[in-house]
1. So Asp20 clears everything in (1) within 28 Å of Asp144 (Cα to Cα); (2) open to solvent by less than 10 Å² (accessible area, probe 1.4 Å) except one condition, right? Which one?
2. Would you list the helices (runs of 4 or more DSSP H) that sit entirely within the range 78-153 and hold 1 or more residues that are at pLDDT 90 or above, in contact with a helix residue (DSSP H, G or I) (Cβ under 8 Å, 6 or more places away or on another chain) and over 21 Å from Arg32 (Cα atoms)?
3. Do we have Leu103 as open to solvent by less than 20 Å² (accessible area, probe 1.4 Å), in contact (Cβ under 8 Å) with a residue 24 or more places away in the chain, within 15 Å of Arg15 (Cβ to Cβ) and of a type outside the set (Ser, Thr, Tyr) here?
4. For the range 114-131, give me the residue count where each residue is open to solvent by 20 Å² or more (accessible area, probe 1.4 Å) and farther than 16 Å from Val99 by Cβ.
5. Scan the range 57-80 and give yes if some residue there is closer than 22 Å to Lys123 by Cα and open to solvent by 70 Å² or more (accessible area, probe 1.4 Å), otherwise no.
6. Starting from the range 25-44, keep only residues that are free of Cβ contacts under 8 Å to residues at least 12 places away in the same chain, then list their pairs with residues that are open to solvent by less than 80 Å² (accessible area, probe 1.4 Å) and assigned to a helix (DSSP H, G or I) whose Cβ atoms are within a distance under 6 Å, requiring at least 6 positions of separation or different chains.
Amino acid sequence: MSHKKHQFTSRTKARKRAADVVYEADQRGMGRNATALRDLLRERKVITAALTPLPDYSIQIIEGVADELYRIDRLIDSHARTGLDRIPAVDRAVLRVAVWEMLSNSEDVPPVIAIDEAISIVKSISTEESAGFVNAILDAIRRDIESPSWSRQSVQESEEAIDDELSADEMNELDDLLDEY
């Protein structure tokens, strides 16, 4: 199956640049240190390997990730079956960017858009399998963020409700879509 090439908008490019800095911090052993991430951002504002300076939105994302790093990592870790440390660093950087957008910028960027953008970025810089993995984690986080804890159903009850509402054809169609990821 051929995938239509995603055209990167200036916002998508800003997200990718932010993920690059978050990834760089992780590779330098500073990935879990918000202060070190802020220090690297200050450095990247002055010295960057790219031909252009960091876009304002990239800076906003990196500052936001640094401010919310513990919460973001906790959410990713709780929804990744492998655990945060076993997620490839490039995927982890993209996840951090997308989770920040869902947590702190959802009025400007709806969560489904943040997920779609993260998948597009991961498809361009990581493995094909990573797209499905990132999608699953982000969608679980999105559901967690959007559902108040007092009104959550158990996973089994939710799946049964979905099964009851969808016809066999609709279920097959959903299964085919999931297989693509």
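The values are calculated or read from the model by the stated rules, or taken from the named source; none is laboratory data. Remember, predicted model here, so these are calculated numbers, not experimental data. Glycine also receives a Cβ, built like all others from the backbone with ideal geometry; neighbour counts cover every protein chain displayed. The protein model used for the area step is the full one, side chains on, heavy atoms only, and it has no ligands, DNA or RNA in it. Shrake-Rupley method; radii C 1.70, N 1.55, O 1.52, S 1.80 Å.
1. Result: Asp20 passes all but (2).
2. So the answer is 111-125, 128-146.
3. Considered against the rule, which asks whether it is open to solvent by less than 20 Å² (accessible area, probe 1.4 Å), in contact (Cβ under 8 Å) with a residue 24 or more places away in the chain, within 15 Å of Arg15 (Cβ to Cβ) and of a type outside the set (Ser, Thr, Tyr), Leu103 comes out as no.
4. Total meeting the criteria: 7.
5. Within the range 57-80, one or more residues are closer than 22 Å to Lys123 by Cα and open to solvent by 70 Å² or more (accessible area, probe 1.4 Å).
6. Pairs found: Met30/Ala36.
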